[in-house]
Amino acid sequence: MQQITRRTFLKAASAGALGLALDLRRLGPAQAAGAGVLPATSPPRAVDYGDWRDVYREKWTWDAVVRSSHWVNCWYQAHCCWNVYVKDGMVWREEQAADYPQVRPEVPDFNPRGCQKGACYSERMYDPARVRHTLKRVGPRGSGKFKRISWDQALDEIADSVIDTIVEEGTDRVIWDLGPGISIGTQTAGQARLRVLLDSTALDMNTEIGDGHRGCAETFGKIVFERSGDDYFFSDLILCWGSNPAYTQIPNFHFLTEARYNGAKIFCITPDYSATAVHADAWIPVKPGGDAALALGAARIVIEEGWMDRKFVAEQTDLPLLVRDDTNRFLRASDLSDGGDEETLYLYDKKKGIVEAGRRSLDLGEISPVLEGRFEVTLAGGQKVTVRTVLSRLRELLEDYTPEKAAEKSGTPAAQIRLLAERMAHARAACMVTTSNFSKYYHGNLIERAQALLFALTG
């Protein structure tokens with residue numbers, strides 16, 4: 001019976017994971033579809049040519065048509081359905097399948113899904129620059145000097161390095177860094193299984209390349225909010241804020257333009273007059289990085305003009321919560337009584353005064369929170385302090401963001417800041433096309449939080 005050592009086990013596991021990750025020929029779109037694909041080693045067929053017309057006709061023939069998709073990081077609309085035409089064991093052509101079923105008769109369907117990036121994917125499969133063999137660096141980093149080695153040697157060296165690291169430093173010192181090449185398929189599954197078996201560590205690709213949406217995470221507790229692409233059809237105001245979906249979300253972009261036939265307005269808020277801005281009802285220019293000032297300027301207008309959705313703000317936001325003036329921290333049960341809960345926060349009810357904010361439900365029930373005001377409370381030790389609502393403090397902070405001052409900081413004309421505020425406040429169902437741009441900026445999290453504030457104020 002063959003003896004299996006740790007080293008041979010690790011080599012076998014690594015071979016499986018690396019084979020999934022690196023052998024792109026076997027996992028290319030055509031062969032991923034399964035049956036009907038000829039092996040790449042099939043001999044060319046003999047063809048009897050008459051004249052040039054036969055040559056042209058032969059060019060437009062194929063052996064099989066299979067279904068597949070593309071392993072690219074399209075993020076918000078990945079893995080469109082394609083017909084892949086196979087000839088002599090190779091992908092000859094790709095076309096959008098365009099047979100997605102109608103979901104609702106009153107809403108545009110998803111056809112066709114796919115874009116120019118997918119249509120040329122086979123060129124990447126057979127491009128001479130693609131790495132087809134295991135290579136080892138033989139020069140300094142960045143020198144571009146590599147030599148070809150065998151799979152056995154590559155797996156031996158990787159296994160040796162991994163085992164030495166685990167034995168000498170611990171499993172958590174084995175770090176996996178996939179970068180942006182996420183496939184959400186067998187490639188990632190193989191790597192993930194080996195990582196779990198080794199009890200090792202993987203880096204989060206989102207935060208590594210700036211797709212982490214830190215502002216969303218800090219505000220809502222998760223990094224992305226999106227919906228089915230056809231839901232844009234029900235919006236009456238669509239913000240392309242910092243995004244260019246005409247280029248970056250091609251399969252979904254038709255939903256935005258079709259929504260205009262349903263009465264929606266598209267506002268494009270970008271530094272450049274982009275391809276998306278061409279199709280927008282209004283282009284609002286902004287300096288790179290000036291988006292937070294723009295959002296805060298619009299938020300100030302919404303509050304000053306009384307356009308705030310008070311019912312939504314009272315129930316769905318933290319703006320009615322009370323904050324201590326002396327510590328700038330939320331008023332907590334632990335402040336009011338010895339042994340009080342750190343997690344219990346407070347509102348000021350119009351009839352009952354200071355009351356606990358609900359924790360299990362956002363439903364206010366009989367509570368009617370005061371949205372703005374300053375009140376006095378007595379702490380557990382007998383000390384009296386003043387507290388204010390978050391909205392009261394916000395109004396004070398927004399004093400520096402008059403339309404004119406916000407225009408200086410954002411580069412957006414004051415009239416257009418007011419236009420954005422007015423349209424946001426009076427929209428029935430405003431939405432924003434998601435993007436991973438702002439999380440790549442220094443303090444981009446604050447841009448996202450300022451945008452979230454504007455949406456919260458307008459409900």
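The values are calculated or read from the model by the stated rules, or taken from the named source; none is laboratory data. Not measured: the values here are computed from a predicted model. Using ideal geometry, Cβ is built from the backbone for each residue, glycine included, and neighbour counts are taken over all protein chains shown.
Check whether at least one residue in the range 448-455 is of a type outside the set (D, E, K, R), touching an Asp or Glu at 6+ places or on another chain (Cβ under 9 Å), farther than 20 Å from D318 by Cα and not in a loop (DSSP other than H, G, I, E, B), and report yes or no. Scanning the range 448-455, I find no residue that is of a type outside the set (D, E, K, R), touching an Asp or Glu at 6+ places or on another chain (Cβ under 9 Å), farther than 20 Å from D318 by Cα and not in a loop (DSSP other than H, G, I, E, B), so the answer is no. Across the range 381-415, the number of residues qualifying as over 32 Å from the mean Cα position of the chain (by Cα) and crowded, with 17+ Cβ neighbours inside 10 Å comes to 4.
Scanning the range 410-435 for residues that are assigned to a helix (DSSP H, G or I) and either among the β-branched types (V, I, T) or at pLDDT below 95 (or both) returns a single hit, I417. Scanning the range 196-247 for residues being surrounded by 18 or more Cβ atoms within 10 Å (Cβ to Cβ), among the polar types (S, T, N, Q) and farther than 27 Å from A421 by Cβ gives a total of 2. Check the range 340-356 and report whether any residue there is among the hydrophobic types (A, V, I, L, M, F, W, C), part of a loop (DSSP other than H, G, I, E, B) and closer than 16 Å to R374 by Cβ. The answer is no; no qualifying residue exists.
Residues that are part of a strand (DSSP E or B), among the β-branched types (V, I, T), surrounded by 18 or more Cβ atoms within 10 Å (Cβ to Cβ) and without any contact (Cβ under 8 Å) to a residue 60 or more places away in the chain do not occur anywhere in the range 277-295. Of the helices (runs of 4 or more DSSP H) that lie entirely inside the range 166-268, those containing 3 or more residues that are at negative phi and touching a residue at least 60 places away in the same chain (Cβ under 8 Å) span 186-198, 214-220, 250-261.
Of the residues A119, A129, A154, which is farther than 30 Å from V86 by Cβ and either of a type in the set (A, V, I, L, M) or surrounded by 14 or more Cβ atoms within 10 Å (Cβ to Cβ) (or both)?
Numbers: A119 fails: farther than 30 Å from V86 by Cβ; A129 fails: farther than 30 Å from V86 by Cβ.
Only one candidate qualifies: A154.
Screening the candidates F267, F255 for the property of being touching a Lys or Arg at 6+ places or on another chain (Cβ under 8 Å) and among the aromatic types (F, W, Y) yields one hit, F267.
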